[in-house]
Amino acid sequence: MARPTESLDPEDLKEFRELAHRMVDDMVDHLSTIRDQPAWRRMPDSVRDAFGDPLPREGEGEEAAYGRFIRDVLPYPNGNIHPRFFGWVHGNGTMLGMMADMLSSGINPHLAGYDQAPKLVEFQVIEWMRELMGFPESASGLLVSGGTMASVTALAIARNAKTGYDVRAEGLQSGHPMLTLYGSTETHNWAKKASEFLGLGSSAFRQIAVDDRYRIDLEHLKQSVKEDRDKGHRPFFVIGTAGTVNTGATDDLPALADFCEEEGLWLHIDGAFGALAKASPELANIVVGLERADSVGFDLHKWMYLPFDIACVLVRDGRLMNESFSQSASYLANISRGVAAGGFPLADRGIELSRSFKALKAWMNLRAYGIEKIGRIIHQNVLQARYLGERAEADEHLELLAPVDLNVVCFRFTAPGLDLNAINEEILIRLQEQGIATPSSTVLQGRFAIRCAVCNHRSVFEDFDLLADSVVRIGKEIAS
Ligand SMILES: *Cc1c(COP(=O)(O)O)cnc(C)c1O
C-alpha cells in the first residue's frame, strides 16, 4: 500500500521564511505610511472581476497567492486604519495587535478550555476587564466576536434567569406570559436582531422615547413597564446604552440601576465603545453607574483599538453564565489529569465551542502599553471630537446637529435656500470618493448629518481641520 506523505507546510522552508519576513515588512511599511495614502479608494472594475475565478484545483504556490493579496486586496479595504477614518464606530488596530494575531494563529490553540496557558491568558484578560469596569469578583465573563455577540449572550442569560421557569428545557413555546424588554429608540439594532434570534420576537422589544439629549426617557420607561405588567406580560430586561451609536449619548445609568433594582429587572449596559470611558480618569464620570449593571457588553476592537474581532461580556452573577450554557457530552468529558483537565469552562460560558485565541492581542497590548496610555488616547479622541464640534459651531457654513457628549460629532454644511439633505449626502460621498476622509452619516430629526465617531488612535487635531475645511469647500462647490 502506498503511504502518502503530503502536508500543507511549505515545501521550501528557506523560501517561505523569506516570504514571511517580506509579509511583515510589507505590513509594517503599509501601516507606517498609511497617512500618505488616500482614506479610501474605489476598486477598479478589473479588480472586482478578479474575484470571479472558480475554485482553484491546482495550487499556484504561496508566493503567487501573496502576490494576489498585494495586488487585489491590500489597496481596497474599507479604510478604518486610516487616520481620517471616522465612520460608524470602527477601531483601527495596532501593529502589536497585528503581530499578536499572527502569534495566536501560529500556536493556534483551541480556547474552549483545556489545561493550557492560553486559557489563563483569556481568564486574565477577562479579570482585567472586570477590574476596569468595576464589577465584583463574583462576576464572570467571556471574550466574543463583537458587541452584538456580547449583548446577545447577556440577553440569553438574562432570559434564562428571569423567566421564572426552565426556559432551557421548555423553550418559549409553552404558553407562559410574554417576556418584554426595553431600551431607548437610540438603542443599537442588535437588540431587535437578538430579540428575533432568541425567539422573543421583535415586538417584545419596547422602544422608549428619548429626551433632547438622546437619553432614555425614564418616565416613559416606567410607564411602559407598568402597562406591560398590567397586561399580564413579564418585563425582564432593560438596556441602558453607554455611548449611543448615533450621537454618543449615555443614558442616566444610576437612575436606570435604581429603577431596575426596585422592579427586579435585569439591567444590561450596551457599552460597545462608551464603556471604555472607564479607562480615562477625565471621562469615567460619564459612565458612572455602569458598575451596578447585571451585565455589560463592550468591544475591544473599537475604543481599545485592537484589530477585529474582539469584545467582552461580563455578568455580575458569574454562575448564571454556566447555568445558561454548560452542557455535558461524552466526547467532552472532564478528565482529572492531562490536556482535558479543568474541562471546557469557556465553552460553558457562551454559545461557541471552537474559539480562537483572541485574548492574546488584548493581553499583549495591555502589557505593552498599559491601560493608562489607552485611557489617555481615549481622552484625546474626546478632545478631538469636542474640537470638531466647536469648529462646526463657530463656522457660519457649518451647523452642529447634536451635543458632543462623548466622541460622536454630527454636523452638516449649511447655506440658505438649498436642499441640505441632498447637498450633505453629496458632500459625504465626495469626501469618501476623493479619499479625503471617511465619516459616515445618520439622520437626526429628519436632518441628514455627516457623522464622525472619533475612536482613532492615529488621528491628530489637524485631521479635523482638514475635514471641516473640506466640507465647507465641497459644499460651496456644489452650491455654486
Ligand atoms: C458597534 C456597536 C454595537 C455592535 O457591536 P459589533 O462589535 O459591531 O457587533 C452595539 N452597540 C453600539 C452602541 C455600538 O456602537
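Each value in this text was obtained by applying a stated rule to the coordinates, not by laboratory testing. Because the structure is a prediction, the values reported are computed rather than measured. All Cβ positions, even for glycine, are placed from backbone atoms using ideal geometry, and neighbour counts span all protein chains on display.
How fast does region 1-75 diffuse by Stokes-Einstein, in µm²/s, taking the Kirkwood radius from C-alpha pairs at 25 °C and 0.890 mPa s?
Answer, rounded: 160 µm²/s.
Per-residue counts of other Cβ atoms within 10 Å, averaged by peptide: what ranking do you get for 222-234, 286-298, 102-114, highest first?
Per-residue Cβ counts within 10 Å, averaged per peptide and sorted highest first, yield 286-298, 102-114, 222-234.
Run lengths n ≥ 4 of DSSP H only: what is the helix-derived mean residue ellipticity at 222 nm for the chain, with -39500 (n - 2.57) per run over all residues, to the nearest 500?
-12500 deg cm²/dmol
Among residues other than PHE16 whose Cβ falls under 12 Å from its Cβ, what is the net charge (Lys/Arg +1, Asp/Glu -1)?
-4
Can you tell me, using C-alpha contacts under 8 Å and at least 6 residues apart, the relative contact order of the chain as a whole percent?
With pairs under 8 Å counted, the relative contact order is 22 percent.
Considering only DSSP beta bridges with both partners in the chain, what is the antiparallel share in %, to the nearest 5?
60
Of all alpha-carbon pairs in region 243-387, indicate the percentage at a distance above 21 angstrom.
Distances greater than 21 Å cover 55 percent of the Cα pairs.
For region 86-160, what log10 I(q)/I(0) values come out of the Debye formula at q = 0.17, 0.19, 0.21 1/Å, with one point per alpha carbon and no solvent?
-0.94, -1.13, -1.26
Quick one: what are the phi-derived ³J(HN,Hα) couplings along region 299-315, Karplus 6.51/-1.76/1.60 with θ = phi - 60°, whole Hz, x for glycine and proline?
8, 9, 8, 9, 8, 10, 6, 7, x, 4, 10, 7, 8, 9, 10, 10, 10
Could you compute how fast region 329-480 diffuses translationally, taking Rh as the Kirkwood radius over C-alpha pairs and applying Stokes-Einstein at 10 °C with viscosity 1.306 mPa s? Give it in µm² per second.
Rounded to a whole number, D works out at 85 µm²/s.
If you take all C-alpha pairs in region 1-149, what percent of them are over 24 Å apart?
Roughly 57 percent, once rounded to a whole number.
Tell me, in nm to one decimal, what length is gained between GLU219 and ALA255 on full extension, where the rule is 0.36 nm per residue of separation less the Cα-Cα distance?
This chain segment gains 11.9 nm when fully extended.
Calculated FRET efficiency, ASP211 and ALA479, Cβ-Cβ r, R0 41 Å, to nearest 0.05?
0.75
Order 418-429, 56-67 from most to least packed using the mean count of other Cβ atoms within 10 Å.
418-429, 56-67
Could you tell me the center-to-center distance, by alpha carbons, between region 5-80 and region 411-470 in angstrom?
About 32 Å separates the Cα centre of region 5-80 from the one of region 411-470.
If r is the Cβ-Cβ distance from ALA65 to LEU96 and R0 is 30 Å, what FRET efficiency results, to the nearest 0.05?
Result of the calculation: an efficiency of 0.70.
What is the Cα centroid distance between region 143-194 and region 251-282, reported in whole angstrom?
What the calculation gives is 17 Å, centre to centre.
Would you work out the relative contact order for region 303-459, in percent, from Cα pairs under 8 angstrom that are 6 or more residues apart?
18
Per Stokes-Einstein, at 10 °C and 1.306 mPa s, what whole-number D in µm² s⁻¹ belongs to the chain, with the Kirkwood radius over Cα pairs as the hydrodynamic radius?
65
Just for the Cα atoms in region 227-329, what are the lengths along the principal axes, largest first, rounded to whole Å?
Cα spread of region 227-329 along its principal axes, largest to smallest: 44, 43, 23 Å.
Report, largest value first, the span of the C-alpha coordinates of region 118-264 along each principal axis, in whole Å.
Taking the Cα atoms of region 118-264, the three principal extents are 49, 43, 27 Å.
Could you compute the FRET efficiency for ALA169 and SER328, with r as their C-beta to C-beta distance and R0 at 22 Å, rounded to 0.05?
Rounded to the nearest 0.05, the efficiency is 0.95.
Where does the charge balance sit around HIS82 when Lys and Arg score +1, Asp and Glu -1, over other residues with C-beta under 9 Å from its C-beta?
Taking every Cβ under 9 Å from that of HIS82, the sum is +3.
Per-residue HN-Hα couplings for region 440-455, Karplus 6.51 cos²θ - 1.76 cosθ + 1.60 at θ = phi - 60°, whole Hz, x for Gly and Pro?
10, 9, 8, 10, 10, 6, x, 9, 5, 10, 7, 10, 10, 9, 9, 9
In percent, what relative contact order does region 30-157 have, based on Cα pairs under 8 Å that are 6 or more apart in sequence?
19
Consider all pairwise Cα distances in region 179-288 and report the whole-number % of them above 24 Å.
21
What does the charge count near VAL408 come to, summing +1 for each Lys or Arg and -1 for each Asp or Glu among other residues with Cβ under 13 Å from its Cβ?
With Lys, Arg at +1 and Asp, Glu at -1, the net is +2.
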